[in-house]
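Novice: Input: one structure, supplied below.
The values are calculated or read from the model by the stated rules, or taken from the named source; none is laboratory data. Being a predicted model, the structure only gives us computed values, none of them experimental. All Cβ positions, even for glycine, are placed from backbone atoms using ideal geometry, and neighbour counts span all protein chains on display. Protein only, heavy atoms only, side chains kept; ligands, DNA and RNA dropped before computing areas. Shrake-Rupley method; radii C 1.70, N 1.55, O 1.52, S 1.80 Å.
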Amino acid sequence: MFRSINKIKNFGVYADFHGASLPDFQKFNLIFGWNYSGKTTFSRIFRCIELDEIHKDYADGSYAFVDHAGAEHTSGQTSSAKVRVFNDDFKVANFRWETGNSVQPI
C-alpha cells in the first residue's frame, strides 16, 4: 500500500506539510493525537483517494503519497489504490438514524 507522504497542502492544519522527516508507513499504523491535531483531516485525505475526489471543504487542497512500488498518488489523479475509510464522513453518508434508535441497512 502506501509507503510515505510527499506533501499535503491546504487541507485544514496541513497548510504546507512535507513528510520527508516521517518514518515510512508499515503494514499496520496507529495514528493518534490531541483533539484538533489533524486526525480527521488525515482520514479525509485517504477518503479522497478512496472516492477519487477532493473533499468539499478542501477544494484547493492537494496531496501526494508514494506507494511501496514507488508510484506517486496525487490529488486530481485517479488512483488504483484500494483504500477504505470508516470515519464520520462515511457514517453521515451511509447510516440513516431513525426514530427509536434503529439503524437502516447500508
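Novice: Could you go through segment 4-10 in sequence order and give the Karplus-derived ³J(HN,Hα) for each residue, using 6.51 cos²θ - 1.76 cosθ + 1.60 with θ = phi - 60°, rounded to whole Hz, and x for Gly and Pro?
Specialist: Each residue's phi maps through the Karplus curve to give 7, 9, 8, 7, 9, 9, 6 Hz.
Novice: Protein chains only, probe 1.4 Å: how do E72, E50 rank by accessible area, largest first?
Specialist: Numbers: E72 85, E50 45 Å².
Ranked list, largest accessible area first: E72, E50.
Novice: Excluding ligands, DNA and RNA, what is the solvent-accessible area per residue of segment 15-62 at a probe of 1.4 Å, expressed in Å²? Display every interim value, and only then the final one.
Specialist: Working: 3670 Å² over 48 residues.
Spelled out: the 1.4 Å probe surface of segment 15-62, per residue, equals 76 Å².
Novice: May I pose another question? Could you give the angle, 0 to 90 degrees to the nearest 10, between helix 39-51's Cα long axis and the longest principal axis of the Cα atoms of the chain?
Specialist: The angle comes out at about 90 degrees.
Novice: Amide H neighbours of F25 under 5 Å, at least 5 residues apart or on other chains, H built in the peptide plane: list them.
Specialist: S4
Novice: On the protein heavy atoms, probe 1.4 angstrom, tell me the percent of accessible surface of the chain carried by carbon and sulfur.
Specialist: Working: 4080 of 7520 Å².
Exposed carbon and sulfur together represent 54 percent of the surface.
Novice: Counting Lys and Arg as +1 and Asp and Glu as -1, what is the net charge of the other residues whose Cβ lies under 12 Å from the Cβ of S43? It would help to have the intermediate numbers written out before the result.
Specialist: Working: positive: K39, R44, R47, R84, K91; negative: E50, D88, D89.
Here the count lands on +2.
Novice: In whole Å, largest first, what are the principal axis extents of the Cα atoms in the chain?
Specialist: Ordered largest first, the chain gives principal extents of 49, 29, 28 Å.
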